[in-house]
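Chemist: Once you've had a glance at the structure underneath, I'll fire off some questions.
The values are calculated or read from the model by the stated rules, or taken from the named source; none is laboratory data. Because the structure is a prediction, the values reported are computed rather than measured. Because the Cβ atoms are built from the backbone with ideal geometry, glycine has one as well, and the counts that use them run over all protein chains shown. The protein model used for the area step is the full one, side chains on, heavy atoms only, and it has no ligands, DNA or RNA in it. Shrake-Rupley method; radii C 1.70, N 1.55, O 1.52, S 1.80 Å.
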Amino acid sequence: MNVGLFGGTFDPIHRGHLTVARAAQQRFALNRILFVPAAAPPHKQGQQLTPYTHRYAMVSLAVRGEKSFIPSPMESPETRGDTPSYSIDTVRRLKQQLKRSDRLFFLIGMDQFQDIAKWREPEALLCETEFIVMNRPGWSLADVGASLPASMRPAAAVTKAMKLQPATGDIVLNGATLHLLTDVSEKISATQIRHAAQSGRKLDALVGPDVAEYVRKTGLYKSKTTRNVIAIKDR
């Protein structure tokens, strides 16, 4: 079975996330995709974040019409407590639940992949699971290689040759398997949606009717008081 892992803050989840998931599912014949909201994302330390219960509820609403899209509470406060939601820990715990013959794919945007070398145990993470990276226009294979941890980057001569090659296709490099998807991103951001909600604009076209109704009924994003500050000591 091919399983996709799609983690994030999902504050809120929006149509762009679903577009990416559908493209990855079609390209790699993913039997299911787990949407995993992070309760305490390390990269959001000190930033305001909507409470986990609301973000998980919105994910559940957004994917309920897709049988193979599954909301997962594996990073919930009840499961993880106050510990940070490190991707390497999530992947290892998920692999313990899968069969040895299953393939695990980690869905990530190019903007996030740029910082992969700064994540916890990046080399181990890249070797534990195959990555599906959502590319954006203008990125080259050299940009992808330069984003890898130093120990996994290609030689300088190879990187130079990759500068003129667009970031497409599949790459197997120093133990990492990367699949690059192009032309699947939508110009929607969670920040844009939060601002729209705060100004009272309709959100249906951005997040879908179910999530839009949830945001309206709960009053999420109307004021900063609906979001909590994430404080994590150990990044």
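Chemist: With (1) in contact (Cβ under 8 Å) with a residue 24 or more places away in the chain; (2) crowded, with 20+ Cβ neighbours inside 10 Å as the list, and residue 212 as the residue in question, which single condition is left unmet?
Modeler: Condition not satisfied by residue 212: (1).
Chemist: Of all residues being in a helix (DSSP H, G or I) and among the hydrophobic types (A, V, I, L, M, F, W, C) in the stretch 145-185, which is nearest to the chain's Cα centre (by Cα)? Just the residue, please.
Modeler: Step one: list which residues in the stretch 145-185 are in a helix (DSSP H, G or I), which gives 145-147, 150-152, 156-162.
Filter once more, keeping what is among the hydrophobic types (A, V, I, L, M, F, W, C): 146, 150, 152, 156-158, 161-162.
Details: 146: 20, 150: 23, 152: 22, 156: 30, 157: 32, 158: 29, 161: 30, 162: 26 Å.
Taking the candidates together, the pick is 146.
Chemist: Another question about this same structure. Taking into account only those residues within the stretch 30-88 that are among the charged types (D, E, K, R) and not in a helix (DSSP H, G or I), which is least open to solvent (accessible area, probe 1.4 Å)?
Modeler: Here the residue is 75.
Chemist: Report, by residue number, each residue of the stretch 11-29 that is open to solvent by 20 Å² or more (accessible area, probe 1.4 Å), in contact with a helix residue (DSSP H, G or I) (Cβ under 8 Å, 6 or more places away or on another chain) and assigned to a loop (DSSP other than H, G, I, E, B).
Modeler: none
Chemist: Could I ask something else about it? When you go through (1) modelled with pLDDT of 95 or more; (2) crowded, with 19+ Cβ neighbours inside 10 Å one by one for residue 128, which number turns out not to apply?
Modeler: For residue 128, the exception is condition (2).
For (1) among the charged types (D, E, K, R); (2) over 22 Å from residue 50 (Cα atoms); (3) touching a helix residue (DSSP H, G or I) at 6+ places or on another chain (Cβ under 8 Å), each residue gets a yes or a no:
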{"site": "79", "(1), (2), (3)": "no, no, no"}
{"site": "84", "(1), (2), (3)": "no, no, yes"}
{"site": "89", "(1), (2), (3)": "yes, yes, no"}
{"site": "98", "(1), (2), (3)": "no, yes, no"}
{"site": "118", "(1), (2), (3)": "yes, yes, no"}
